Amino acid sequence: MSLKTLEDLFQQELRDILHAEKQILKALPKMAKATESEELQAAFEEHRQQTEEQVERIEQVFAMLEKSPRAKRCVGMEGLIEEGTELMEEGELESPAMDAGLIACAQKVEHYEICAYGTLVAYARQLGMDQAADLLEQTLEEEKETDQKLTSLAEQINFEAVGQSEDE
Ligand code: FE
Ligand code: FE
């Protein structure tokens, strides 16, 4: 597809974030498995459920555009998830240091999403698609809340991780 207008760009970004969300849906259960922290596990599981709703919202926006929800390969998210996979599979980290690493990875993902949805909301408003903007804004808020929740979990877990290395 050759991009000519802001609407083209909006659709392209929507297809990109659809692929990103689908990758996240697959990654979150693996991340939940990799941690021994029940709180972090619960946070990943809660966000997996939210992510399912987020995918539905994207599909609703495609319906408003009268387009089929076709994903476009999101290389940015592939890279972030690849880094997380390396941490889980190739590293020798143990909890809570592993948890600290998982949170860092998850926060990179959330920041990518906050940026993507922020842009999508702005484009949708610009294009006069207020209903779509409102839907995408709901997701934007969820991503921000998730990021904040991860920050408070990190503060607690990083503290424990320091304690862990001092014990050795
Ligand atoms: Fe998301
Ligand atoms: Fe998210």
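By the equivalent-ellipsoid construction on the alpha carbon gyration tensor, the range 6-167 comes out with semi-axes of 33, 15, 12 Å, ordered largest to smallest. Fewest-first ordering of ARG73, ARG15 by other beta carbons within 10 Å of each residue's beta carbon gives ARG73, ARG15. Going from the residue with the fewest nearby Cβ atoms within 10 Å to the one with the most, ASP147, ASP130 rank ASP130, ASP147.
Take the Cα of LYS26, step 7 Å along the line toward its Cβ, and report every residue of the range 48-67 whose backbone nitrogen sits under 16 Å from that point. Only 52 pass the distance filter. Fewest-first ordering of ILE114, ILE17 by other beta carbons within 10 Å of each residue's beta carbon gives ILE114, ILE17.
Remark on the range 32-87: ratio of C-alpha radius of gyration to 2.2 N^0.38 Å is 1.47.
Per-residue ellipticity at 222 nm from helix content only, as computed over the chain with -39500 (n - 2.57) for each DSSP H run of at least four residues, stands at -29500 deg cm²/dmol. Structural descriptor for the chain: relative contact order 27 percent, calculated from alpha carbon pairs under 8 angstrom and at least 6 residues apart.
Starting at 0 and stepping by 10 Å, how many percent of the alpha carbon pairs of the range 1-94 end up in each bin? Computed distribution, short to long bins: 15, 39, 28, 14, 4.
Throughout, read-outs are computed from the coordinates displayed, never taken from laboratory work. A quick note: this is a predicted structure, and the numbers were derived from the prediction, not measured. Using ideal geometry, Cβ is built from the backbone for each residue, glycine included, and neighbour counts are taken over all protein chains shown.
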